[in-house]
Amino acid sequence: MERTAMDTKAPLDVIATSLRRHRARAGLSLTEVAKRAGVAKSTLSQLESGTGNPSVETLWALAVALDTPFAALLDPPRPKVQVIRAGEGPAIYSDQAEYSATLVASSPPNARRDIYRIVAGPGPGRKSEPHMPGVVEHVILGSGRALVGPLDDPVELNPGDYIAYPGDLPHIFQALEEGTAATLVSEHV
């Protein structure tokens, strides 16, 4: 997967500020959050100081440990009118597969959804551990082909196909051909 200079780095300053804010809100120590997330304390410390290069898996684990939506760790304040061009935005890459997730819109106060642009290449796919209880993921495939949904029973999608599945169970997004892209809406209860 080709990464341009514009999208190869996670928004480290936003992630650092968000992690510190959510950890303080939860009243948890670095040690406790790292333990709950299954990451090294030094990794969490680096992320809170704005260094490191977090993977999707690390940020999801931290979001679950902090009982906060994944998008809350990535999303800086936004203007009223916002345009994100294809290939732009804060992309986070997987350690497990050729897969990136770009936060397009996080859930505003009193709403419960985040929207991502997914770009993936053929390979073993991105296997996701369960998210917070009650999360439902909605995917519309824009191009390519992919196996998407519950890890034990994914569905093959073609362009224009839609699937909704419980995000609080193990699930997968596996591209079956080059040029696979989708829109994912993560709905929280």
Original post:
Here are GLY142, GLY160: which of them is small (Gly, Ala, Ser) and either in contact with a Phe, Trp or Tyr (Cβ under 6 Å, 6 or more places away or on another chain) or part of a strand (DSSP E or B) (or both)?
Top reply: GLY142
**OP:** Filter segment 119-131 down to residues that are more than 24 Å from GLY89 (Cα to Cα) and surrounded by 18 or more Cβ atoms within 10 Å (Cβ to Cβ), then give me how many there are.
**Re:** 0
Original post:
Does LEU103 meet the test of being under 23 Å from GLY50 (Cβ atoms), assigned to a strand (DSSP E or B) and either open to solvent by 30 Å² or more (accessible area, probe 1.4 Å) or modelled with pLDDT under 85 (or both)?
Top reply: yes
Original post:
Where residues in segment 132-156 are in contact (Cβ under 8 Å) with a residue 24 or more places away in the chain and open to solvent by less than 30 Å² (accessible area, probe 1.4 Å), which of them is farthest from the chain's Cα centre (by Cα)?
Top reply: GLY144
Original post:
Here are some conditions: (1) out of contact with any strand residue (DSSP E or B) (no Cβ under 6 Å at 6 or more places or on another chain); (2) within 21 Å of THR68 (Cα to Cα); (3) surrounded by 16 or more Cβ atoms within 10 Å (Cβ to Cβ). ASP114 meets all but one. Which one does it not meet?
Top reply: (1)
**OP:** Quick one: which helices (runs of 4 or more DSSP H) lie wholly within segment 1-86 and hold at least 2 residues that are modelled with pLDDT under 90 and over 15 Å from the mean Cα position of the chain (by Cα)?
**Re:** 12-26
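The values are calculated or read from the model by the stated rules, or taken from the named source; none is laboratory data. Note that the structure is predicted; figures quoted are calculated from it, not measured. Here Cβ is always computed from backbone atoms with ideal geometry, including for glycine, and neighbour counts include all displayed protein chains. With ligands, DNA and RNA removed, areas are computed over all heavy atoms of the protein, side chains included. Shrake-Rupley method; radii C 1.70, N 1.55, O 1.52, S 1.80 Å.
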